[in-house]
Amino acid sequence: MNDWHSWAAIVVFVGAYALIISEKIHRVAVALGGAGLMLAIGATDDISAFYSEDSGIDWNVIFLLMGMMMIVGVLKKTGMFEYLAIWAVKRARARPFRVMAMLVVITALASALLDNVTTVLLIAPVTLLVCERLALPAAPFLIAEVMASNIGGTATLVGDPPNIIIASRAGLTFNEFVVHLAPLAAVLVVVLLLLCRVMFRRSFAYDGDRAAEIMELEEREAIRDPRLLVQGLIVLAMVVAGFVLHPVLHYEPSIIALLGAGLLVAISAVDTQDVLADVEWPTLAFFAGLFIMIGGLIDTGVVDEVSQSLAHLIGGNELGGSLTLLGGSAVLSGVVDNIPYVATMAPITSTLVRDMGGSSDHVMWWALALGADLGGNATAIGASANVVVLGIAERNRQPISFWQFTKYGLVVTTATVAISLAYVWFRYFALA
């Protein structure tokens, strides 16, 4: 990392990050501008940016998002989200915190079976309608849900993209993820609910009149197109099955999502232009720019240098190494998207495991997964689900600022990572 390209890439990335934080320039413009500068200074090139599997735009993420956004766009036309919103509020007796708790638990559970981005795409429209009905600010509910999605996604192999990378590299199974990480994820969801009760306490104002109005509604009347709803749910179920069967089918989630979107548009009477209008194009553009900027850091050796320094710090101490890897991954994943970070750290972790004799409990791999997945909650751009929710909120005129998200994200990340550190120490070393 001695050539000027490396330092120039760092300056571009840090400058772009500072502008995103300041919010003086729209984050999409910053990301695309930063990507252009990375290409202009030679930190990366067109081949690496657009075609490379290691450092370029992650087209799997882009097309997964686009496919699921199209499916959600069709489901919106059926009235399904209005139905779910009324159902959820009535079951919670229109009490705001009960509503949040219900949505958080549903989000966490769904994220364990789906990837977390798909989950927030489905749950965010319901949340916006619930908040509109109860005259509540949407931001606290959306923030709580995206954090629940990142925590819930930690529990399984398919819940968060970094887990898929780790499983492939380490040869881990779906059941191993469930046995080792699902119990901790369940505890962390409870911790999240307790934190939400404190952090968002001013947002739980109860409006008796509005509550009474909602309790009198009949949710079935919200369904506008039953036939389209059945078609959409069947396709969605097929897509979910495809995600869960990824280890067997070996189809990337992006392919499954695009096949599902194409099938739904083909068999239904919806207008294709209307469906495409529901795609969050600014969010996709932001991801593309962010991937190219991170690719510049990878191609110039910056990310590898940081990862190697972490490996050197770890040395041969498995306990210290596991805790350092977990904490360091949480910090770095709050700044750099956790997908390229884990892709870079996976081979280094593999070497560390081999040098330490290969723990039968795969503790180093669990530390990497926990740090990368939970660290994504730290900032507004730490995980893909965060960026998607911010885009949805902005489009629905309920914008969430970088600092509004991050001030809560840092609290949640600190608490969940601290508990995870204790969990790793107790389960894999104290009881050994």
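Checking the structure you have, find out if any residue of the stretch 392-407 is under 19 Å from the mean Cα position of the chain (by Cα) and within 20 Å of Gly159 (Cα to Cα). Even if it seems obvious, please write down each step before you answer.
First, the residues of the stretch 392-407 that are under 19 Å from the mean Cα position of the chain (by Cα): 392-395, 399-407.
If we keep only those that are within 20 Å of Gly159 (Cα to Cα) as well, we get none.
No, that holds for no residue.
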Flagged in the stretch 157-171 as open to solvent by 10 Å² or more (accessible area, probe 1.4 Å) and either polar (S, T, N, Q) or closer than 17 Å to Gly382 by Cβ (or both), in numbering order, are Pro161, Ile165, Ser168
Residue pairs within 7 Å by beta carbon, gap of at least six or interchain, first lying in the stretch 239-258 and polar (S, T, N, Q), second modelled with pLDDT under 80 and open to solvent by 40 Å² or more (accessible area, probe 1.4 Å), listed first then second, are Ser254/Asn60
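Only one residue in Ala367, Ala432, Ala383, Ala372 is farther than 22 Å from Leu193 by Cβ, modelled with pLDDT under 90 and among the hydrophobic types (A, V, I, L, M, F, W, C). Which one?
Values: Ala367 fails: modelled with pLDDT under 90; Ala383 fails: farther than 22 Å from Leu193 by Cβ; Ala372 fails: modelled with pLDDT under 90.
Result of the check over Ala367, Ala432, Ala383, Ala372: Ala432.
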The residue from Val61, Val72, Val89, Val104 that alone is closer than 20 Å to Ala266 by Cα and either open to solvent by 30 Å² or more (accessible area, probe 1.4 Å) or touching a residue at least 24 places away in the same chain (Cβ under 8 Å) (or both) is Val72
The condition from (1) open to solvent by 10 Å² or more (accessible area, probe 1.4 Å); (2) modelled with pLDDT under 85; (3) among the aromatic types (Phe, Trp, Tyr) that Phe97 misses is numbered (2)
Given (1) more than 15 Å from the chain's Cα centre (by Cα); (2) farther than 21 Å from Met364 by Cβ; (3) surrounded by fewer than 24 Cβ atoms within 10 Å (Cβ to Cβ), Phe141 misses just (3)
Reported set for the stretch 312-341 where residues are farther than 17 Å from Val424 by Cβ and surrounded by 19 or more Cβ atoms within 10 Å (Cβ to Cβ) is Leu332, Gly334, Val336, Asp337, Asn338, Ile339, Pro340, Tyr341
Looking across the stretch 281-311 at residues that are modelled with pLDDT under 85 and of a type in the set (D, E, K, R), the single one that is least open to solvent (accessible area, probe 1.4 Å) is Asp304
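Within the stretch 160-252, considering only helices (runs of 4 or more DSSP H) that don't extend past its boundaries, which have at least 2 residues that are within 25 Å of Val265 (Cα to Cα)? Can you show your working first?
Numbers: elements: 161-170, 174-199, 208-215, 226-244, 246-249.
It comes to 226-244, 246-249.
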All-but-one check, Phe141 against (1) touching a Pro at 6+ places or on another chain (Cβ under 9 Å); (2) free of Cβ contacts under 8 Å to residues at least 40 places away in the same chain, failing number (2)
When Asn175 is run through (1) out of contact with any Phe, Trp or Tyr (no Cβ under 7 Å at 6 or more places or on another chain); (2) under 30 Å from Arg354 (Cβ atoms); (3) among the polar types (S, T, N, Q); (4) touching a residue at least 60 places away in the same chain (Cβ under 8 Å), the failure sits at (4)
Residue hits (the stretch 16-35; more than 19 Å from the chain's Cα centre (by Cα) and closer than 17 Å to Leu284 by Cα) are His26, Ala29, Val30, Leu32, Gly33, Gly34, Ala35
Evaluate the stretch 346-366: report whether one residue or more is buried (at least 16 other Cβ atoms within 10 Å of the Cβ), in contact (Cβ under 8 Å) with a residue 40 or more places away in the chain, closer than 30 Å to Gly33 by Cβ and in contact with a helix residue (DSSP H, G or I) (Cβ under 7 Å, 6 or more places away or on another chain).
no
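The values are calculated or read from the model by the stated rules, or taken from the named source; none is laboratory data. On a predicted model such as this, the values are computed, not experimentally measured, just so you know. Because the Cβ atoms are built from the backbone with ideal geometry, glycine has one as well, and the counts that use them run over all protein chains shown. Quick note on the areas: whole protein, heavy atoms, side chains included, nothing else; ligands and nucleic acids left out. Shrake-Rupley method; radii C 1.70, N 1.55, O 1.52, S 1.80 Å.
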